[in-house]
1. Quick one: check the C-alpha center-to-center distance for region 1-59 versus region 123-169, whole angstrom.
2. Restricting to DSSP loop positions (anything but H, G, I, E, B) with no more than 10 other Cβ atoms inside 10 Å of their own Cβ, which GluC sites (Glu not before Pro) remain in region 161-199?
3. From the Cα trace of region 80-237, what convex hull volume per residue do you get, rounded to a whole Å³?
4. Can you give me the span-like helices of the chain, meaning DSSP H runs with 15 Å or more of Cα extent along the axis and Kyte-Doolittle mean at or above -0.5?
5. To the nearest 20 Debye, how big is the dipole of the chain about its Cα centre, given +1 on the beta carbon of each Lys and Arg and -1 on that of each Asp and Glu?
Amino acid sequence: MIFVTAQQDGESERTALRSGAVDFIHKPINPDVVRARVQVHLKLSERERELTELNERYRRLAEEMQQLAIHDGLTQLYNRHYLHQFIQKEEASAKRIGYSLSIVMMDLDYFKRINDEYGHMVGDLVLIQAAHLVLQRLRQSDMAFRFGGEEFLLILPNTKAHDAAVICEDLRSLLQQTGVGTLAAGEVTASFGVAQLTETCENIDQLINMADQALYQAKSRGRNRVEILACQAGKAACPTV
């Protein structure tokens, strides 16, 4: 918007510019000068549009880079790097509202044998589809991470250990009854270890270690099962589930 006026006072010019005008031309006008000024403003407007588009591309790229930084490239679950950023906040929140936070370690049974017999491409497909089943069963508030290899870590906020075990049992059954990758139903199973945050847990690393111990119990007791490990008086005890 360009004002063209016979008024010569500075207040009129200030009012016009404050109202959104990009220029203020006094009469009488020189058409060549007006055209030149219009061309300048058109070029400035085009540069501003290009800069806005460039900033938007950089913003989208930054968002994509952030997503790549916190997600596992294969399964699209959150990665272990993001786990350490996220879990500290969950621990603090759980302690404020009564320690109802459960951690689950999930491991696909005999996964090395799947890779050896069917190849790594099939193994990757099994991981991808198993991760999809995990996300399909978990609640909106739950978080799933690829902890390493064929091992997943699940964070279940506001969830007691036995309630977490019920979720794991549903997931265990779903995985066993579903054809995963190119394998038939029943060929892919998983073991689960559950641990709940308690006042006797010194820190979140201890809780993860407890869930890992519970997973070891599940594997040592035949795999394709769920075990709970509870913290009692500063030491771990594993009850029957």
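1. 58 Å
2. Glu199
3. Here the figure is 99 Å³ per residue.
4. 120-137, 161-177, 204-220
5. Dipole size: approximately 260 debye.
Every read-out reported here was derived from the displayed coordinates using simple, explicitly stated rules and does not represent laboratory data. All of these numbers come straight from a predicted model, not from anything done at the bench. Quick reminder, even Gly has a Cβ in these numbers, built from the backbone with ideal geometry, and neighbours come from all protein chains shown.
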